[in-house]
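Below is one structure, written out as C-alpha cells; comments come after it.
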Amino acid sequence: MSAKSPNPVDKHVGARVRMRRMMIGMSQERLGDSLGITFQQVQKYEKGTNRVGASRLQQIAKTLGVPVSFFFEGAPDLDGTDVSFNDAASPPYVSEFLSTAEGLSLTRAFTRIRDARVRRRIVELVETLAEMPAATPN
C-alpha cells in the first residue's frame, strides 16, 4: 500500500504560503505562533502534506498580509490547467522560483538596483549564462 501523495492544489497553496512568508522574512516558528500551531504544522502546510482549512487559510492570509485569493493564483485546476483570478497571475515557474531562498534573495537584490541600464545588463548576463553548456566536472 503506497502513501497518498499530496494534491497538486494543496502543494501549490503551501508553496504560496512559503513564498509569502519568506518574502516578508517571517520564520515558520513565528507564523505558527501567530496561528497557535507548531512550526512543524506550518511545514506540513507548506509541503502540501496537510490541507489548510478555510478558516486557517483566512488566518494565514491575514497574518501574511495578502488576500486569500493570493494562494490560488496560478493553481492547477482539476483538469491540470492553471487557474487565474486575475490577468496578472504569475506563471507557475515564477512562484516556484520565488519560493526558493535563492530566488527570493536574487529578486530582493535586483529590485534594489536603481539604474535601469545596470538591471538590463544583469538580465543580459543571466540570459548569456543560461545559454552556455553546463560545465563538466574534472
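The values are calculated or read from the model by the stated rules, or taken from the named source; none is laboratory data. Since this is a predicted model, take the numbers as computed values, not measurements. Backbone-built Cβ (ideal geometry, glycine too); neighbour counts: all protein chains shown. Quick note on the areas: whole protein, heavy atoms, side chains included, nothing else; ligands and nucleic acids left out. Shrake-Rupley method; radii C 1.70, N 1.55, O 1.52, S 1.80 Å.
Under a 5 Å amide H cut-off, with hydrogens placed 1.01 Å from N, A75 pairs with V83 among residues at least 5 apart or on other chains. Between the alpha-carbon centres of the range 1-61 and the range 96-138 there is a gap of 28 Å.
When nucleic acids and ligands are ignored and a 1.4 Å probe is applied, V13 ends up with an accessible area of around 10 Å².
Suppose R0 equals 22 Å. What FRET efficiency, 1/(1 + (r/R0)^6) with r the Cβ-Cβ distance, do N7 and F110 give to the nearest 0.05? For R0 = 22 Å, the calculated efficiency reads 0.10. Taking S99, S5 and ordering them by how much accessible surface each has at a 1.4 Å probe, largest first, produces S5, S99.
Computed with a 1.4 Å probe over protein heavy atoms only, the accessible area of K11 comes to about 100 Å².
Taking all protein chains together and a 1.4 Å probe, the residues L98, L104, L125 rank L125, L98, L104 from largest to smallest accessible area. Over the range 22-74, Cα pairs under 8 Å with separation of 6+ residues give a relative contact order of 26 percent. Estimated at the nearest 10 Å², the accessible area of T38 is 80 Å² with a 1.4 Å probe. The listed residues D77, D33 rank as D33, D77 when sorted by accessible area, largest first, using a 1.4 Å probe.
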